[in-house]
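Quick notes on the structure that follows.
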Amino acid sequence: MTAAAVAVRPPRRRSNLRLVAHQVRYEQLSFWRNPQSAIFTFVFPVVFVTIMGALFGSVGRSSYFGGLSALQYYVPTIAALCVLGSCYGQLAVALAARRQNGILKRIRATPLPAWAYFIGLLAHCILVSIADIALIVGVGRLYGVPFPSHWAAIALTLVLGAAAFCALGVAVASVISNAEAAPAVAQLVLFPLLFLSGTYLPIHSQMLNQVTGWLPIRPFNEALTGPLSRHTGADWRHLAVLAAWGVIGAIVAVRRFRWDPRPE
């Protein structure tokens, strides 16, 4: 390797980092320039936890909620739901719309590398998810849910979960034919799994829990419940399932993702 080649690499890395930072800033500006969508993103979890607090705030620990109080159960599951909404549902719909409108095709023609574009999307989704989880934990504290103590485990679970569901969101976007079909296709996959994975109500069927334990949503719920409500560390088994689904989503996305609109 020549000295000139060595000298060229640091500027290129710095340039790539600047491009990623620019893409994150662009995603944040686009997000906040649609105030109705942005406000709903943050109001929804607050309203949901507030309603649960009003309904179940006086309910103590119960075997129905796995030895937790109702609010200790719903704080992590609603946190997981918000991450799913940002990293999977909204991302799949946004990518389908951007492809149909020709935005992805124009982005592909810029100096921005493909990996930097998706890293920017992931960073944006993580920032939105952090804000959502902070709001949920804050509202839960008003109803007596203790603050978490294992923040490193929460951060690890959040980043891994966001990466896995972003990969799955890109994978789903790659098979959506047009923007109009995007919400229906994304929700068709998401909603049944939310109910079967115990997001809204505990599931007491051992067989069903075993099946959904190998799907992505229940492991994410459980991985967040540990550090958020049970004050335990990272759950490596559930994180391994999440990572495996992230790899599957990334493989599908790499093989099938299209930057150009599908010909009619």
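Here are the numbers:
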| item | result |
| --- | --- |
| Value of [θ]222 nm, deg cm²/dmol, for the chain, DSSP H segments ≥ 4, -39500 (n - 2.57) each, nearest 500 | -24000 deg cm²/dmol |
| Carbon/sulfur fraction of accessible area - segment 151-221, other protein chains in place, 1.4 Å, % | 78 |
| J(HN,Hα) series, segment 58-71, from Karplus relation 6.51 cos²θ - 1.76 cosθ + 1.60, nearest Hz, glycine and proline x | 8, 7, x, 4, 8, 5, 4, 9, x, x, 9, 6, 4, 5 |
| Gain in span if fully extended, S58 to A243, counting 0.36 nm per residue against the direct Cα distance | 62.9 nm |
| Cα-projected label distance for A131 with L208, points at 7 Å along beta-carbon direction, nm | 3.5 |
| Estimated vicinal HN-Hα couplings, Hz - segment 197-208 in sequence order (Karplus 6.51, -1.76, 1.60; Gly, Pro = x) | 8, x, 5, 9, 9, x, 9, 9, 7, 5, 5, 5 |
| Listed values [x] 57, 40, 35; [y] 73, 57, 29; [z] 65, 48, 38, entry calculated as Cα extents along the principal axes in Å | [z] |
| Extension gain (nm, one decimal) between F195 and E180, 0.36 nm per residue minus Cα-Cα | 2.9 nm |
| 5 angstrom amide H check on S62, placed H, neighbours 5+ away | G67, L68, S69 |
| Estimated vicinal HN-Hα couplings, Hz - segment 37-50 in sequence order (Karplus 6.51, -1.76, 1.60; Gly, Pro = x) | 5, 5, 5, 4, 4, 9, 6, 3, x, 5, 5, 4, 5, 5 |
| Mean Cβ neighbour count within 10 Å, used as a protection proxy, ranking 159-165, 188-194, 244-250 highest first | 159-165, 244-250, 188-194 |
| By average C-beta atoms within 10 angstrom, highest first, the peptides 200-213, 39-52 | 39-52, 200-213 |
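The values are calculated or read from the model by the stated rules, or taken from the named source; none is laboratory data. Every value quoted in this text rests on a predicted model; they were computed, and no experiment measured them. So basically every Cβ, Gly included, is an ideal-geometry build from the backbone, and we count neighbours across all protein chains shown. Side chains included, ligands, DNA and RNA excluded: accessible areas come from the protein's heavy atoms. Shrake-Rupley method; radii C 1.70, N 1.55, O 1.52, S 1.80 Å.
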